[in-house]
Amino acid sequence: MGGVTSLNDLPLRDNLRGLTPYGAPQLHVPVALNVNENTHGIPEEVAQDIVAALAVAVTTVNRYPDREFTELRVALSRYLGHGLTRENIWAANGSNEVLQQVLQAFGGPGRSVLGFAPTYSMYPLLASGTGTRWIAGGRDAEFELSPATAVEWVDRVAPDLVFLCSPNNPTGTPLSLETIAAVYSATDGIVVVDEAYAEFGAPEEPGALTLLPGRERLLVSRTMSKAFAFAGARVGYLAADPAVTDALRLVRLPYHLSALTQAAAVAALAHTPAMLAMVDDIRSQRDRLVSELARLGYSPRRSASNFVLFGGVEDPRATFEALLADGVLVRDVGIPGHLRVSAGTEAETTSFLDALEALGRP
Ligand SMILES: *Cc1c(COP(=O)(O)O)cnc(C)c1O
């Protein structure tokens, strides 16, 4: 067989033609600050406990895993609190899979999902993959999203689903509970609040979980990939009315969460304080990024996450390449004049700031 077939030669679904896959570069560099991971390794004693749990799980891996991942749902409901029980919890291989299942259940051909650009680059891809029409709404100045602007978009396009990213990736912008509540009231559809970075917000700020009671179409999605330092294990989850988790059972593949994933996640959740121990430190590195980027003459945006979007970059591509040549990987998110950088360890953050300062004034 020849090997020259290209995507365009294949009988690809029409709505996938011309798309490019999600493609944050996976380069091996000393300082990788491009995909908002927790750059601190997990504590040794937690790693040992996870390995012990995996060793037990592997002895029964000839059998299919618990299709209902009950122990994991109990552990996640305890972690979230807010009176949630396992009936309120759903989980999958990363919150990306959770969001895909939400679109499979509530979106699909003839339906649409509204988001507010610039926002998480996976939303339009998950929409095309499920045949759901993606509608990119706009934001206010400084990437903020007021209740009035959000509701205006909902009224204008009458979407079947709304994706609210809080705080928003790639801008870091926090989202008010007023905007979430206003969007919920303005639609009969499903409202998803993607709180992938919730743990990095100000501890005294209430999150979207507080809005769940009485709102059966509200879904709050979370992940173990960011604050929880578990990106490689692929565990995302959501909290919602039990009817929603029942709907997701219609579309998930049977046994979608492997026995090893379930065991590792349960073991990690048993060490929640240790797993989250670096969050304070990451928050202070984020705040340091904001103040130092301003001192260097850039325009950092306010951030409630573990990354900072900064403007005032004359040639983002050139700055990206120059930093990479210094062993520092950041993210060009395609917003003119801007780059995004994750808060790393103190040393990593210092490497980034030193490399940027060495490039001279923006
Ligand atoms: C990183 C991120 C996720 C997490 O994806 P996982 O599949 O759980 O690793 C979800 N939403 C947003 C906005 C993100 O930035």
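No lab work stands behind these numbers, since they all come straight from the coordinates. None of the values given here were measured: they were computed from a predicted structure. Heads up, the Cβs are rebuilt from the backbone with ideal geometry, glycines too, and the neighbour counts pull from every protein chain shown.
Tabulated results
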quantity	calculated
ARG63-THR210 FRET efficiency (beta carbon distance; Förster radius 45 Å; 0.05 resolution)	0.70
Most mobile listed residue (PRO11, PRO273, PRO167) in the chain, GNM with C-alpha springs under 10 Å	PRO11
Amide N proximity, the range 87-106 versus THR272 label position 7 Å along Cα-to-Cβ, cut-off under 18 Å	87-92
Beta bridge orientation in the range 186-344: antiparallel %, DSSP, nearest 5	75
Highest-MSF residue in the chain out of ARG78, ARG249, ARG156 [GNM, Cα springs under 10 Å]	ARG156
Modelled label reach - ALA294, point 7 Å along Cα→Cβ, the range 137-158 residues with backbone N closer than 20 Å	141-145
Separation in nanometres of the label points that stand 7 Å from Cα toward Cβ, at ALA148 and THR70	5.2
Sorted by Cβ neighbour density within 10 Å, fewest at the top, the residues MET122, MET275	MET122, MET275
Axial C-alpha extent at least 20 Å, average Kyte-Doolittle at least -0.5 - helices from the chain (DSSP)	44-58
Compactness index (Cα Rg / 2.2 N^0.38 Å), the range 204-362	1.29
DSSP-assigned coil residues among GluC sites (Glu not before Pro) in the range 284-362, each with at most 15 further Cβ atoms within 10 Å	GLU314
DSSP-loop chymotrypsin sites (Phe, Trp or Tyr not before Pro) across the range 245-347, with at most 14 other Cβ within 10 angstrom	TYR255
Cα-based shape type of the chain, given that a ≥ b ≥ c are square roots of the gyration tensor eigenvalues and the cut on a/c is 1.5	rounded
Per-residue [θ]222 nm for the chain (sum of -39500 (n - 2.57) over DSSP H runs n ≥ 4, rounded to 500)	-11000 deg cm²/dmol
Spin-label pair TYR22/ALA231, simplified geometry with 7 Å Cα→Cβ offset, distance in nm	1.1
Separation of alpha-carbon centers, the range 94-112 and the range 143-185, rounded to whole Å	18
Fluctuation leader among LEU27, LEU269, LEU177 - the chain, Gaussian network, Cα springs under 10 angstrom	LEU27
Rough spin-label spacing in nm, given labels placed 7 Å along Cα→Cβ, for THR5 and GLU346	5.5
